[in-house]
Amino acid sequence: MTDRPLVLVVDDDVTVRDVVTRYLDRAGYRVEVAGDGEQALRAVVARVPDVVVLDLMLPRLGGLEVCRRLRRDAIGVPIVMLTALGEEEDRVLGLELGADDYVTKPFSPRELVLRVASVLRRSREIPARDGGAEPILDGDLRVDIPGRRSSLAGRELALTVREFDLLAFLIRRPGQVFTRAELLERVWGWDFGDQSTVTVHVRRLREKIESDPTNPTRIATVWGVGYRYDGASARPPDAAAEAHSP
């Protein structure tokens, strides 16, 4: 079936590639593999996959540099990183560079398949419950939730899957404060995980939608609690839709 989503698995460990390929194939995905960063970039140029599973520790060209180049070239494919348990600094840097999710080694192949399915679903879904046909406007910020597009001062924003999800969630709920744990659960769909993921994504989002990210006027930090959307002209959520939204 040619309509099966395509996953590019980038890892220099043949055993890891084989195991991940087998599980993804069973889950209904097509799989291409690459053994180093340069091969991965060539594969993306030849055919952009639906998701990239990217190991950070690669020969010839590291995973962080691969991630950086994909985002630099505005290739919006979702990226799920594979990181070692002790590589927290690299994991945070990968998220800052635009990765959407991560799994730490040693990992469960089933968990990886679930993470791939999650980022793919979020990148493709039309979230009817998170907005109607009309874009949400906040000054010069425009967010088209069903179309998964956003722009600032008329220029389209290059947001990753998770960045867009976070913006869409917050802008529909202006004035409401959410803890990092709540955002992790309601935006990422995780009931556990590294909450620094939320911090990194908020920082990246501010860099793209705030005129001064160090003094944000849209996404405010509520010290000791979490984050709140303060955009003055954001449309308040429909009460009925809010009651049934995730």
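The values are calculated or read from the model by the stated rules, or taken from the named source; none is laboratory data. Here the structure is a predicted model, which means the values were calculated and not measured. Don't worry about glycine lacking a Cβ; one is built from the backbone with ideal geometry, like all the others, and counts go over all protein chains shown.
I'm checking my understanding of the structure. Among residues of segment 181-193 that are surrounded by fewer than 19 Cβ atoms within 10 Å (Cβ to Cβ), in contact with a helix residue (DSSP H, G or I) (Cβ under 8 Å, 6 or more places away or on another chain) and in contact (Cβ under 8 Å) with a residue 12 or more places away in the chain, which one is nearest to Glu111 (Cα to Cα)?
That would be Gly189.
How about segment 1-58: which of its residues are of a type in the set (D, E, K, R), buried (at least 18 other Cβ atoms within 10 Å of the Cβ) and more than 22 Å from Arg71 (Cα to Cα)?
Hit for segment 1-58 is Arg17, nothing else.
Collect the residues in segment 65-74 that are free of Cβ contacts under 8 Å to residues at least 60 places away in the same chain, more than 17 Å from Val9 (Cβ to Cβ) and not basic (Lys, Arg), keeping them in residue-number order.
Just the residues of segment 65-74 that are free of Cβ contacts under 8 Å to residues at least 60 places away in the same chain, to begin with: 65-70, 72-73.
Retained after the next criterion (residues that are more than 17 Å from Val9 (Cβ to Cβ)): 65, 68-69, 72-73.
Glu65, Asp73, listed by residue number.
When you go through (1) buried (at least 19 other Cβ atoms within 10 Å of the Cβ); (2) modelled with pLDDT of 80 or more one by one for Ser196, which number turns out not to apply?
Just one mismatch for Ser196, condition (1).
Do any residues in segment 152-180 that are buried (at least 17 other Cβ atoms within 10 Å of the Cβ) have Cβ atoms under 6 Å from those of residues that are part of a loop (DSSP other than H, G, I, E, B) and of a type in the set (A, V, I, L, M), where the two are at least six apart or on different chains, and which pairs are they?
Within 6 Å, the pairs are Ala168/Ile145; Ile171/Ala234; Pro174/Ala234.
Among the residues of segment 2-24, are any under 16 Å from the mean Cα position of the chain (by Cα) and either part of a helix (DSSP H, G or I) or modelled with pLDDT of 90 or more (or both)? Give the derivation first.
To start, the set of residues in segment 2-24 that are under 16 Å from the mean Cα position of the chain (by Cα) comprises 7.
Narrowing the set further to residues that are either part of a helix (DSSP H, G or I) or modelled with pLDDT of 90 or more (or both) leaves 7.
The answer is yes; a qualifying residue exists.
Output the number of the condition that Glu182 fails; it satisfies all remaining conditions of (1) in contact with a Pro (Cβ under 6 Å, 6 or more places away or on another chain); (2) modelled with pLDDT of 90 or more.
Evaluating Glu182 over (1) in contact with a Pro (Cβ under 6 Å, 6 or more places away or on another chain); (2) modelled with pLDDT of 90 or more leaves (1) as the failure.
Of the residues that sit in segment 26-58 and are β-branched (Val, Ile, Thr) and assigned to a helix (DSSP H, G or I), which one is modelled with the highest pLDDT? Give the derivation first.
Residues of segment 26-58 β-branched (Val, Ile, Thr): 31, 33, 44-45, 48, 51-53.
Among the residues that remain, those that are also assigned to a helix (DSSP H, G or I) are: 44-45.
Values: Val44: 94, Val45: 91.
So the residue we want is Val44.
Take segment 77-115 and flag every residue that is basic (Lys, Arg) and either within 19 Å of Ala158 (Cβ to Cβ) or modelled with pLDDT of 85 or more (or both). Quick ask: steps written out before the conclusion?
So the first thing to find is which residues in segment 77-115 are basic (Lys, Arg), and the list is 91, 105, 110, 115.
Correct list: Lys105, Arg110, Arg115.
Tell me which residues, restricted to segment 166-212, are outside any helix (DSSP H, G or I) and of a type in the set (Ser, Thr, Tyr). If you could, list the steps in order and put the result at the bottom.
At the first step, the residues of segment 166-212 found to be outside any helix (DSSP H, G or I) are 172-179, 189-195, 210-212.
If the condition is that a residue be outside any helix (DSSP H, G or I) and of a type in the set (Ser, Thr, Tyr), then Thr179, Ser211 are the ones that fit.
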